[in-house]
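No lab work stands behind these numbers, since they all come straight from the coordinates. Just so it is clear, the structure is predicted and the values come from calculations on it, not from any experiment. Note that each Cβ is placed from the backbone with ideal geometry, even for glycine, and that neighbours are counted across all protein chains shown.
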Amino acid sequence: MSSADLKANRPLSPHLSIYRWQMTMAMSIAHRLTGIALYFGTLLLAVWLIAAATGPRQFDVVNAVAGSWLGLVVLFGYTWALIHHMLGGLRHFIWDTGHGLDKPARDRLAVANLVLSAILTIALWVVVVLVR
């Protein structure tokens, strides 16, 4: 049998269309997306720091953009992504210890990750607005 025949007879990998969506699957995808968002958000943080080091005029321009409604939305999203990604890492750390691996516990941890990230993000922003 040739290698071409073997390749033709291999089973195809399952695709997302045959899986039933689960909370842990959605959280896995969200964890990856927040990681990507953190990459770009950190670039914006670097721009802010470079502007601060460059001079007051450049810093004022970057602060004006960051303080606009669009800048605040981006900053809010960055804050949520940071907290969500951190909680996802803690969830994986819990799994690494051998705990929370049964289906109900996995689902509870996934929901807790989502809910707690939203609550912590809003709480942090409330504190920042009140202190400001």
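Looking at this structure, is Met86 assigned to a helix (DSSP H, G or I), surrounded by 15 or more Cβ atoms within 10 Å (Cβ to Cβ) and either without any contact (Cβ under 8 Å) to a residue 12 or more places away in the chain or among the aromatic types (Phe, Trp, Tyr) (or both)?
Yes: the conditions hold for Met86.
From the set of residues in the range 48-83 that are β-branched (Val, Ile, Thr) and surrounded by 14 or more Cβ atoms within 10 Å (Cβ to Cβ), which is farthest from Asn113 (Cα to Cα)?
Filtering the range 48-83 for residues that are β-branched (Val, Ile, Thr) and surrounded by 14 or more Cβ atoms within 10 Å (Cβ to Cβ), the one farthest from Asn113 (Cα to Cα) comes out as Val62.
Within the range 98-132, take every residue that is assigned to a helix (DSSP H, G or I) and of a type in the set (Gly, Ala, Ser) and give me the one that is surrounded by the fewest Cβ atoms within 10 Å (Cβ to Cβ).
Taking the candidates together, the pick is Ala123.
Any idea which of Val47, Val128, Val74 is without any contact (Cβ under 8 Å) to a residue 12 or more places away in the chain and of a type outside the set (D, E, K, R)?
Val128
Could you check, for the range 99-114, whether at least one of its residues is touching a helix residue (DSSP H, G or I) at 6+ places or on another chain (Cβ under 8 Å) and more than 16 Å from Met23 (Cα to Cα)?
Yes, there is a match, as at least one residue in the range 99-114 is touching a helix residue (DSSP H, G or I) at 6+ places or on another chain (Cβ under 8 Å) and more than 16 Å from Met23 (Cα to Cα).
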